[in-house]
2 protein chains.
Amino acid sequence: MPETTPDRRTELLAAAIRLFSDRGYEATSVREIADALAIQAGSLYAHIETKEDLLWQILTESADRFFAAIQPIVDSKLLTLERIRLAIAAHVKVITDSTAAAAVYLREWRHLSEPRKSEFAGRRDAYERIFRDLIRDAIHEGTFGDFDEKFATLMVLSSVNWIYQWYRPDGPMTPDEIARRITDLLFHGLKRAGS
Amino acid sequence: MPETTPDRRTELLAAAIRLFSDRGYEATSVREIADALAIQAGSLYAHIETKEDLLWQILTESADRFFAAIQPIVDSKLLTLERIRLAIAAHVKVITDSTAAAAVYLREWRHLSEPRKSEFAGRRDAYERIFRDLIRDAIHEGTFGDFDEKFATLMVLSSVNWIYQWYRPDGPMTPDEIARRITDLLFHGLKRAGS
DNA sequence: CCTACCGATCGGTAGG
DNA sequence: CCTACCGATCGGTAGG
């Protein structure tokens with residue numbers, strides 16, 4: 001992004017996030033993105049090198065946000081269960097802060113070309129690994145039951161990642177409330193206690 | 001689809017499912033679909049009217065499969081909890097029978113134009129409603145705890161719908177095994193019993 | 001099902 | 001950041 005002011009860069013990324021999440025990366029033309037900024041299509045290339053660069057920047061910044069949100073929690077000295085609880089809440093917060101960015105992060109990475117696609121997959125796997133290690137610890141400690149740790153991790157992440165599909169900022173639940181309910185359900189299950 | 005033999009139609013849908021799930025609807029060209037059938041791009045239009053028709057047929061047939069799988073279970077006289085268990089297993093089975101079709105069903109419907117998009121959304125909502133009604137019954141009966149029924153439904157469906165992302169037919173778990181573990185986790189939670 | 005083709009739009013560039 | 005433009009590819013059609 002040669003010679004672009006920070007503000008302009010933010011605007012550009014915000015426009016691309018909104019369009020990529022609404023219509024998908026492939027269905028979004030560079031002309032639509034340019035329109036959103038009220039500039040000509042050709043002028044876009046004063047700010048970016050290719051359309052894919054734009055996707056790449058969105059994805060890497062999203063990945064950064066997820067890592068930054070959970071890292072201090074994971075590194076803390078809290079009990080495993082508490083770290084899981086807080087990591088889920090932090091993850092939920094990143095999604096609810098921008099469901100559009102989360103949608104692009106979770107859905108549009110397939111349109112990266114190599115080697116970026118593999119690099120992205122590596123970072124995503126590393127992130128999942130952090131959750132998996134927490135869950136493994138909880139199982140080994142006996143806090144969690146004797147579940148397959150990979151399977152349990154997939155369940156946790158699928159529950160939290162689905163949020164971008166239905167969360168609305170003007171809905172009845174705050175991000176913390178959502179995290180609390182998800183955690184409660186994941187920890188204790190749907191069945192009435194004692195049944 | 002004028003004058004197309006059943007076999008040819010099946011081939012065509014199968015090719016489109018594979019390509020739409022791999023690259024996405026927008027990123028798939030009619031020429032790629034034609035190539036997969038070893039015919040010319042123009043010849044495709046002896047079988048379809050538009051590219052979107054192809055997507056529409058895939059989506060409606062997928063929806064039909066989901067409904068057909070759970071309807072007899074929901075209509076049965078079994079206990080609510082057992083109906084939920086079996087409905088989850090049936091849903092999982094539809095996904096594992098073709099993760100590619102499930103991927104198109106869950107991801108590509110946004111590329112429909114109106115009024116088809118709204119019609120699709122209506123059917124999908126009706127399907128979710130069936131699960132929600134089952135869960136509501138379980139809550140009212142006291143079999144499940146006093147959860148928000150909408151939220152509980154979202155949790156259940158997000159867990160089962162995420163499967164298409166990671167299930168591999170040559171993996172260690174059978175579809176029934178997956179359903180059993182998901183149900184167990186959803187019903188009883190991750191925490192060790194009694195903790 | 002093929003050949004030959006259509007107008008529209010795509011991502012991107014040169015020169016200012 | 002604009003004007004003017006590029007070759008490539010898009011979904012789709014006519015006529016056989």
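Remark: label point of residue A:14 defined 7 Å out from Cα along the Cα-Cβ vector; separations to the same position in other copies 5.0 nm, ascending. Counting only Cα atoms, chain B measures 64, 37, 27 Å along its principal axes, largest extent leading. Centroid-to-centroid, using Cα positions, segment B:19-48 and segment A:125-148 are 43 Å apart. Amide H contacts of residue A:162 (H built 1.01 Å from N, in plane; Pro and chain starts excluded): no residue 5 or more places away or on another chain comes under 5 Å.
Legend: mean number of C-beta atoms from other chains within 10 angstrom of residue C-beta atoms, peptide A:142-152, equals 4.
Note on chain B: helix-only mean residue ellipticity at 222 nm, from DSSP H runs of 4+ residues weighted -39500 (n - 2.57) and normalised by residue number, equals -22500 deg cm²/dmol.
For segment B:2-53, the set of GluC sites (Glu not before Pro) satisfying both a DSSP loop assignment and a count of at most 14 other C-beta atoms within 10 Å is given as B:3, B:49.
Remark: spin-label model distance residue B:68-residue B:23 equals 3.0 nm, labels positioned 7 Å along the Cα→Cβ axis.
Averaged over peptide B:62-73, the number of partner chain Cβ atoms lying within 10 Å of each residue's Cβ comes to 0.
Compared with the dominant principal axis of the Cα atoms in chain B, helix B:175-188 is inclined by about 40°.
Inter-copy label distances at residue B:118, shortest first and taken from points set 7 Å along Cα to Cβ: 4.8 nm. With R₀ fixed at 35 Å, the C-beta to C-beta distance from residue B:75 to residue B:37 puts the FRET efficiency at about 0.35.
Distance cut-off 31 Å, Cα to Cα: go down the list A:150/B:93; A:77/B:150; B:117/B:150; A:150/B:117; A:117/B:191 and report the pairs above it. From A:150/B:93; A:77/B:150; B:117/B:150; A:150/B:117; A:117/B:191, over 31 Å: A:77/B:150; A:150/B:117; A:117/B:191. Sequence-ordered 3J(HN,Hα) estimates for segment B:63-74 from the Karplus curve with 6.51, -1.76 and 1.60 and θ = phi - 60° stand at 4, 4, 5, 5, 4, 4, 6, 9, 4, x, 6, 5 Hz, glycine and proline given as x. Under a 5 Å amide H cut-off, with hydrogens placed 1.01 Å from N, residue B:144 pairs with A:192, B:139 among residues at least 5 apart or on other chains.
A Förster radius of 30 Å combined with the Cβ-Cβ distance from residue A:97 to residue A:30 puts the calculated FRET efficiency at roughly 0.65. Residue exposure proxy: A:188, A:91, ordered by other Cβ atoms within 10 angstrom of their Cβ from fewest to most, comes out as A:188, A:91. Derived value for the protein assembly as shown: Kirkwood hydrodynamic radius 22.7 Å. Basis is the mean of 1/r over every pair of different alpha-carbon atoms.
When the square roots of the Cα gyration tensor eigenvalues are ordered a ≥ b ≥ c, the ratio a/c for segment B:84-178 is 1.5 or more and a/b does not exceed b/c, which makes its shape oblate.
Computed from the coordinates by the stated procedures, all read-outs in this text should not be read as laboratory data. Being a predicted model, the structure only gives us computed values, none of them experimental. For neighbour counting, all protein chains shown are included, and Cβ atoms are generated from backbone atoms with ideal geometry for every residue, glycine included.
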